[in-house]
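To start, the structure itself, in structure tokens.
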Amino acid sequence: MDRKEYSNILIPNVLHDYKYYEEKYPQRNLDKGSMVTRFAPSPTGFVHMGSLYTSFSDLVFAHQTNGVCYLRIEDTDGKRTVENGVEGILDDFKNLGISFDEDPEKGGKYAPYIQSERGDIYKAFAKKLIEEDKAYPCFCSEDDLNEIRTLQEVSKDRIGYYASYARCRNLKMADVLKKIENGEKYIIRLKSQGNFNHKIILDDVIKGQIEMPENDMDIVIIKGDGLPTYHFAHAVDDHLMRTTHVFRGDEWVASYPVHEQLFKMLDFPLPKYGHIAPITVKEGDKIRKLSKRKDKGAAISYYAKEGIPTEVINLYLATVNNSNFEEWYNNNPDKSINDFTFTFDKMPVGGSLFDIEKLMNISKIYFSRQSGSDIFEKLLPYLEKYDEEFYNIAKNNKEKLIKVLNIEKYIKRPR
């Protein structure tokens, strides 16, 4: 039996091979230097300030290079997905007036944009790895994995499925087929070609060069339910959607060796990575990440109720994203955020403290630059939603209210 037949048995009922998908999703027709970025949340709850900051970075860098920023929903982990999670993300961005160039509703040439709808694609590329002897079936049970872990703890070895601890790595084809005939369940693992004693360099566009050990773990790429793991799906999708730059939280730095190896073994060109420092808060003597459970300022819905428009949130995120933005904004009252050029070298390497007072101050400056009629147009829908009594007063006294809003507006230091 050749390896192609073997792969058909291990992963049956695949509609197309990987070459079909390479042709279906060609290189994008963009100018040289144009960035293709993606915001790729899991549907685990509402959009919060941290995820909004990442999407802000994705959008500004793509659009200032005449590139593309798309929204991809990563929902292959059913345990983490919440009910109506996808709709919740789409609604949050709609309510904020934030639009991606391609998303699950708009569609696009690289659709579908929800990972659970791309199952055949992942299987096609998993089969490619099996055919090339770069992936294999693993029949280890939970008890087997616990036994391996116990052995590693006793011998004080690294924890994981690798080298001699990878029990299924060198199973012969005949033994595999026999196990399948006996109805034994299996997953598909990457047959790592790495050496932990070798070093690789992550040339991070934000953090600079980071040295790390090469991956030697035989990670799972296709789970028992037939769905891909995050690591495998991310590599396949970023390649086929022709992503040039991956911006993500710096908690993902440790995953880079796995991702680099996946791209290498799949024969994909590697995108550039930029790991974004988190937005943090001070709690007593400690500094921690902004929490959507603990901090009212983390939830985007909070700002809608407070009457702070998306433009103000973006201005605040711009000051977090580039250290020279605030001074530029204060010195250029006649310009908008779209006139500023964001650069990687001005992005913070460490965490940025969340400062709601600063955000409120930016809001004041923003409104001081708006005409009374502009403010009125923004105010009316807000009042309709949050203050019906004042909405009726405002609607019936438009000209008078605009005059009030223009008081001390056109002076050297407008209110």
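The values are calculated or read from the model by the stated rules, or taken from the named source; none is laboratory data. Predicted model only: the values in this text are computed from it and were never measured. Quick reminder, even Gly has a Cβ in these numbers, built from the backbone with ideal geometry, and neighbours come from all protein chains shown. Accessible surface is based on the protein model in full, side chains and every heavy atom, while ligands, DNA and RNA are left aside. Shrake-Rupley method; radii C 1.70, N 1.55, O 1.52, S 1.80 Å.
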**Prompt:** Ignoring ligands, DNA and RNA, what percent of the 1.4 Å accessible area of region 1-135 is carbon and sulfur?
**Reply:** 46 percent
**Item:** Estimated vicinal HN-Hα couplings, Hz - region 303-309 in sequence order (Karplus 6.51, -1.76, 1.60; Gly, Pro = x)
**Value:** 6, 4, 5, 7, x, 9, x
**Request:** Compute the separation of the alpha-carbon centres of region 132-183 and region 386-412 and state it in Å as a whole number.
**Result:** 70 Å
**Item:** Pairwise FRET efficiency - K296 versus K24, Cβ, R0 = 41 Å, nearest 0.05
**Value:** 0.35
**Message:** So, taking all protein chains as they sit and a 1.4 Å probe, how much accessible area belongs to H16, in Å² rounded to tens?
**Reply:** 70 Å²
**Message:** Below 8 Å, C-alpha to C-alpha, sequence gap of six or more: please give me the relative contact order for region 261-415 in percent.
**Reply:** 21 percent
**Asked** Can you give the FRET efficiency for R415 and K106, using 1/(1 + (r/R0)^6), R0 = 30 Å, r = Cβ-Cβ distance, to the nearest 0.05?
**Response** 0.15
**Fill in**
With the dipole of the chain defined by +1 on each Lys or Arg Cβ and -1 on each Asp or Glu Cβ, the option from N66, Y113, P269 whose Cα lies farthest towards the positive pole is N66
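Quick one: length gained pulling T44 to L15 fully straight, 0.36 nm per residue minus the C-alpha distance? Show your work: numbers first, answer last.
Working: separation 29, 0.36 × 29 = 10.44 nm, distance 3.02 nm.
Fully extending the segment from T44 to L15 adds 7.4 nm.
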**Request:** Could you pull the accessible area for F247 with a 1.4 Å probe, rounded to 10 Å²?
**Result:** 0 Å²
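Just the number please: accessible area per residue for the chain, 1.4 Å probe, all protein chains included, in Å².
Details: 21730 Å² over 415 residues.
Result: 52 Å² of accessible area for each residue.
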**Request:** Could you work out the relative contact order of region 134-287, using alpha carbon pairs under 8 angstrom and six or more residues apart, expressed as a whole percent?
**Result:** 21 percent
**Item:** 0 to 90° range, to nearest 10: angle between helix 142-154 axis and the chain longest Cα axis
**Value:** 90 degrees
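Run the dipole for the chain about the Cα centre, Lys and Arg Cβ at +1, Asp and Glu Cβ at -1, nothing else charged, and hand back the magnitude in debye, nearest 20. Present the calculation step by step, with values, prior to reporting the outcome.
On the way: 60 positive and 65 negative charges, 139 e Å.
It comes to approximately 660 debye.
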**Request:** Could you run the Karplus curve 6.51 cos²θ - 1.76 cosθ + 1.60 with θ = phi - 60° over region 124-141 and give me ³J(HN,Hα) per residue in whole Hz, x for Gly and Pro?
**Result:** 4, 7, 5, 4, 4, 5, 5, 4, 8, 6, 10, 8, 8, x, 10, 9, 5, 8
**Prompt:** Where both residues lie in the chain, what percent of DSSP beta bridges are antiparallel, nearest 5?
**Reply:** 60 percent
**Item:** Mean separation of Cα contacts under 8 Å (6+ apart) over length of the chain, as relative contact order %
**Value:** 15 percent
**Request:** For region 177-306, give the share of DSSP beta bridges that are antiparallel, in percent and rounded to the nearest 5; count only bridges with both residues there.
**Result:** 70 percent
**Request:** Give the accessible area for S164 in Å² (nearest 10); use a 1.4 Å probe, count only protein heavy atoms, and leave out ligands, DNA and RNA.
**Result:** 110 Å²
**Message:** If you average the C-alpha positions of region 66-118 and of region 298-348 separately, how far apart do those two centres end up, in angstrom?
**Reply:** 24 Å
**Request:** Multiply the residue gap between E377 and E132 by 0.36 nm, knock off their C-alpha separation, and tell me the result in nm, one decimal place.
**Result:** 82.1 nm
**Prompt:** For the residue pair E117 and K185, what label-to-label distance in nm results when each label sits 7 Å from Cα along the Cα-to-beta-carbon direction?
**Reply:** 2.9 nm
**Request:** Please turn the phi angles of region 179-188 into ³J(HN,Hα) values with the Karplus equation 6.51 cos²θ - 1.76 cosθ + 1.60 (θ = phi - 60°), one per residue in order, whole Hz, x for glycine and proline.
**Result:** 5, 5, 4, 7, x, 6, 7, 8, 10, 10
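Quote the FRET efficiency, to the nearest 0.05, computed for D175 versus E251 with a Förster distance R0 of 45 Å and r equal to the Cβ-Cβ distance. Don't jump to the answer; show the numbers that get you there.
On the way: r = 39 Å, r/R0 = 0.87.
The pair D175/E251 has a calculated efficiency of 0.70.
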**Prompt:** In degrees from 0 to 90, rounded to the nearest 10, what is the angle of the helix 372-386 Cα long axis to the longest principal axis of the chain?
**Reply:** 60 degrees
**Item:** 5 angstrom amide H check on I221, placed H, neighbours 5+ away
**Value:** I188, R189, L190
**Complete:** Zone reached by a paramagnetic label modelled 7 Å from R167 Cα along Cα→Cβ, restricted to region 210-242 with backbone N below 18 Å, covers 218-220, 224
**Prompt:** Of (1) 91, 23, 17; (2) 48, 22, 20; (3) 37, 26, 22, which one was derived for semi-axes √(5λ) of the Cα gyration tensor in Å from the structure shown?
**Reply:** (2)
**region 271-375, accessible surface, carbon-and-sulfur percent (1.4 angstrom probe)** = 47 percent
